[in-house]
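No value in this document is a laboratory result; all are computed from the given coordinates. For clarity, every value in this text was computed on a predicted model and none was experimentally measured. Using ideal geometry, Cβ is built from the backbone for each residue, glycine included, and neighbour counts are taken over all protein chains shown.
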2 protein chains.
Amino acid sequence: MSSLSVLPPECLLKPFPVPQRLMLGPGPSNVPARISAAGAQPMLGHLHTETIEIMNQIKSGIQYAFQTKNRVTLAVSGPGHAAMECAIFNSLEPGDKILIAVNGIWGERASEIAERIGAKVNTVETMAGGYLTNEEIEKALNKYRPAVFFLTHGESSTGVVHPIDGIGPLCRKYSCLFLVDSVAALGGAPICMDEQGIDILYTGSQKVLNAPPGTAPISFSERACHKIFNRKTKPISYFLDLNWLANYWGCDDKPVRSYHHTGPVSSFYALRESLAILAETGLENSWKRHKEVAEYFHKGLEQMGLKLFVQDKKARLPTVTTIVAPPGYDWREITGYIMKTFNIEISGGLGPSAGMVLRVGLMGCNSNKANVDKVLEALADALKHCHKSRV
Amino acid sequence: MSSLSVLPPECLLKPFPVPQRLMLGPGPSNVPARISAAGAQPMLGHLHTETIEIMNQIKSGIQYAFQTKNRVTLAVSGPGHAAMECAIFNSLEPGDKILIAVNGIWGERASEIAERIGAKVNTVETMAGGYLTNEEIEKALNKYRPAVFFLTHGESSTGVVHPIDGIGPLCRKYSCLFLVDSVAALGGAPICMDEQGIDILYTGSQKVLNAPPGTAPISFSERACHKIFNRKTKPISYFLDLNWLANYWGCDDKPVRSYHHTGPVSSFYALRESLAILAETGLENSWKRHKEVAEYFHKGLEQMGLKLFVQDKKARLPTVTTIVAPPGYDWREITGYIMKTFNIEISGGLGPSAGMVLRVGLMGCNSNKANVDKVLEALADALKHCHKSRV
């Protein structure tokens, strides 16, 4: 071989320091020093005794956070989208029917994923900012008779927390699995997997849990496992195959954990620490704080003359607030101004709410009144200084 | 809802300190403090200006490490197995033919993944510890006429570095894409993607690069992109769909990077730092050091009376050495003794080499003569103290 044709890039030959920023978008949220420090601990093997103990502790922490006794509880080695694929890939065989509740972007994404693997997808839809009644859900279950029903608990694109009570029993009545995405809500809004009859539940590490993105807690009920472990076909992904993952996480009866893939060991350290913080705080205290801080924020917004996108107070997601984009302004100028002037991230809409809202996340350690005061001040200043057309 | 039925787990209410250990298995390798510190920097948004700049620098770093000018060069948000699925999911449509070279576990895994998505899989096999000649490969290409040919560059289960020269032109002659897994070799054994006519190349972060596991550099040639971006069917995974990933990494012509998934921002910081270290060291210096250190190790092993598993000196992988399991000993006792007595990880075999070998990895910062002396001392001590039956 001749000498190298691609030279070392100049940009890598000098340091790239990362600035500190207040992360009040829909996630990732700020990572407390304690969690960063945990992630920076020495590397261990992905099957070393201590790593397995850490994974066992993560399992216990997820069982607590999800309020479940499910044996098959673990963290996927990837972001929330990998968990979404893990849930759908394992629970559906080609030709299986899935009913998807769509009231924002996450239902749309679940549909896209299920369609790709050859599932038959039906949707039950409502407008952005709204949610479905149990009557509407039962009607759709009765009509489509799906194998799996997908619902987003915290719809971060619209700022809606979807009611969960009563849907688990409906799914049992119609013999389907109840699959819930709680990436944006878990830890910040009440959800109890076992009591509410949820069969598959997942979340992300980078929202209320305040760990870096890259791992995704997930849990499967006995009913879900019964379907999954009796499939006729293998799941489409080896990397996300629950047979392998359950063994790697010690959730099966096999005496030895086989090598499947190399888990993100440092990210597991960080995830353990974030679950430890939740255990110390107490789930009910966390739910209460997120609710109070969100209500304090919503009151402040309304006092400024801003409007909340979600009309029904009960349906407002305590972790991510959607504000109607102030009339006459370009929302991009507002988020850009707040980033530049205050070094605070807030974001615009996503999917069905694109262009219609501003989104502010107050999640985990970021859920406190001091942050609310900061972001209210920043919003007031932005409305004063950004260009406003006549409306 | 009633009060909580699952209580905070006791194990999370006390700290779990992680011990320091010399990681001389087949990976993950030790993470230098500089890389851990980079990963612990403040969290930013996955589409913030600075994050995009870091991703651009990672791209440049991968282009250097891979010796490629490919525009579609990025890091998958998952471990090496996710990159393997990304390569196979995108390059094959259902019914497409893939030819897989099997001389260890990685070819077996690639076969498993390709079969799951409905590709037609043929293999060309050779014994563990061996490699294929270009004549054997050409014969198989001619016989099976695949769309993709898969080869493992660094077969970490057997300790073989597979010759690459001449195979790229053969793949062109038979109009197939040349897909290479270099998870265990990249940075430690010479490979030049463009010059050697490789169409898809991927590696992991946790081997020679010394970053934590959880990201996987990958690159696609123009030929590969032509096939992938003109597919008739969508890739089976949304999370690993190259159309989306290429946009997220700024590898397409679109003016805006759309939200696809939340990248593991902290892991990107760490990966950037690991590529910076490689750029500072120089690829040729890194190759040379790994070769010299491995040869020094192999000489020491032979002086102790131990036998190398790979007969052909040229085919010995400089990053992971396979040693014939010492006759009369239980290999588990040896690795356990060395862990307990010296706090050094070395490992047993994997897949076709299970029970037959000991494996020692000397990768990235771990590739130095001081570590060789340590592991030789540990091995000598183990052979003295572990139980030996008559042979």
Exercise. In the protein assembly as shown, with Lys and Arg counted as +1 and Asp and Glu as -1 at Cβ, which of these residues, A:229, A:28, B:325, has the Cα nearest the positive end of the dipole, that is, farthest along it?
Worked result: A:229
Problem set entry | Cα-derived Rg over Rh, computed across the protein assembly as shown with Rh taken as Kirkwood radius | 0.97
For this session: State the answer as a single residue: which of B:159, B:177, B:67 lies farthest towards the positive end of the charge dipole of chain B, with beta carbon charges of +1 for Lys and Arg and -1 for Asp and Glu, about the Cα centre.
Result: B:159
Problem set entry | Average partner coverage of B:230-239, which counts Cβ from other chains inside 10 Å | 5
Problem set entry | Nearest-0.05 FRET efficiency for residue A:333 and residue A:307, computed from C-beta distance (R0 22 Å) | 0.75
Problem set entry | B:161, A:208 arranged by Cβ crowding within 10 Å, fewest neighbours leading | B:161, A:208
Problem set entry | Spatially proximal lysines relative to residue B:143 (Cα-Cα < 20 Å; intrachain offsets below 8 disregarded) | B:97, B:120, B:173
Exercise. In nm, what does the list of distances from residue A:112 to its counterparts in the other copies look like, shortest first, when each label sits 7 Å along Cα to Cβ?
Worked result: 2.9
For this session: State the antiparallel share, in %, of DSSP beta bridges confined to the protein assembly as shown, rounding to the nearest 5.
Result: 50
Exercise. Among residues other than residue A:50 whose Cβ falls under 13 Å from its Cβ, what is the net charge (Lys/Arg +1, Asp/Glu -1)?
Worked result: 0
Seminar exercise, completed: The rounded separation in angstrom of the Cα centers of segment B:233-272 and segment A:276-302 is 33
Problem set entry | Dipole magnitude of the protein assembly as shown, debye to nearest 20 (Cβ charges: Lys/Arg +1, Asp/Glu -1, about Cα centre) | 220
Exercise. What length, rounded to one decimal in nm, is gained on full extension from residue A:50 through to residue A:257, with 0.36 nm per residue of separation minus their alpha-carbon distance?
Worked result: 73.1 nm
For this session: Would you mind getting me the FRET efficiency between residue A:243 and residue B:145? Use the beta-carbon distance for r and R0 = 56 Å, nearest 0.05.
Result: 0.95
Seminar exercise, completed: Plugging the Cβ-Cβ distance of residue B:369 and residue B:127 into 1/(1 + (r/R0)^6) at R0 = 45 Å yields, to the nearest 0.05, a FRET efficiency of 0.90
Seminar exercise, completed: From the Cα centre of segment B:89-144 to that of segment A:113-156, the distance in Å is 40
For this session: Rank these for me by crowding, A:106, B:249, A:244, going from fewest to most other beta carbons within 10 Å.
Result: A:244, B:249, A:106
Exercise. If Lys and Arg each add +1 and Asp and Glu each add -1, what is the summed charge of the other residues whose beta carbon sits under 14 Å from the beta carbon of residue B:235?
Worked result: -1
For this session: Write out the trypsin sites (Lys or Arg not before Pro) in segment A:289-351 meeting two conditions: DSSP loop, and at most 15 other Cβ atoms within 10 Å of their Cβ.
Result: A:307
For this session: Net charge near residue B:182: determine it from the other residues with C-beta under 15 Å of the C-beta of residue B:182, scoring Lys and Arg +1 and Asp and Glu -1.
Result: -4
Exercise. In nm, to one decimal, how far is the modelled label at residue B:112 from the one at residue A:14, with both set 7 Å along Cα→Cβ?
Worked result: 4.7
For this session: With +1 on each Lys and Arg Cβ and -1 on each Asp and Glu Cβ, and nothing else charged, work out how big the dipole of segment B:102-239 is about its Cα centre, in Debye to the nearest 20.
Result: 680
Seminar exercise, completed: Heads up, chain B by the C-alpha gyration tensor (a ≥ b ≥ c square roots of eigenvalues; a/c under 1.5 rounded, else a/b over b/c prolate, else oblate) looks oblate
Problem set entry | Pairwise centroid distance, computed over Cα atoms, of segment B:184-207 with segment B:338-378, Å | 23
For this session: Mind putting a number on the dipole of segment A:33-279 about its Cα centre? Charges go on the C-beta only, +1 for Lys and Arg and -1 for Asp and Glu, and I need it in Debye to the nearest 20.
Result: 460
Exercise. Which stretch or stretches of segment B:98-118 have amide N atoms under 14 Å from the point lying 7 Å from residue A:234's Cα along the Cα→Cβ direction?
Worked result: B:106-118
Problem set entry | Peptides A:258-270, A:61-73 ordered by average Cβ neighbours within 10 Å, highest first | A:258-270, A:61-73
Exercise. So how do B:150, B:178 line up by other beta-carbon neighbours within 10 Å, fewest first?
Worked result: B:178, B:150
Exercise. Is the shape of segment A:99-167 rounded, prolate or oblate, going by the alpha carbon gyration tensor and its root eigenvalues a ≥ b ≥ c, with a/c under 1.5 for rounded and a/b larger than b/c for prolate?
Worked result: oblate
Seminar exercise, completed: Each label sits 7 Å from Cα toward the beta-carbon; between residue A:173 and residue A:4 the label points are separated, in nm, by 6.6
Exercise. How large is Rg/Rh for segment B:45-86, to two decimals, with Cα atoms and a Kirkwood Rh?
Worked result: 1.01
For this session: Nearest 5 is fine: what % of DSSP beta bridges in segment B:33-279 come out antiparallel, could you say?
Result: 35
Problem set entry | Most mobile listed residue (A:107, A:355, A:364) in chain A, GNM with C-alpha springs under 10 Å | A:355
Seminar exercise, completed: Projected onto the charge dipole of chain A (unit charges on the beta-carbon of Lys, Arg, Asp and Glu, signs +1, +1, -1, -1), the Cα from A:219, A:348, A:47 with the largest positive-side position is that of A:348
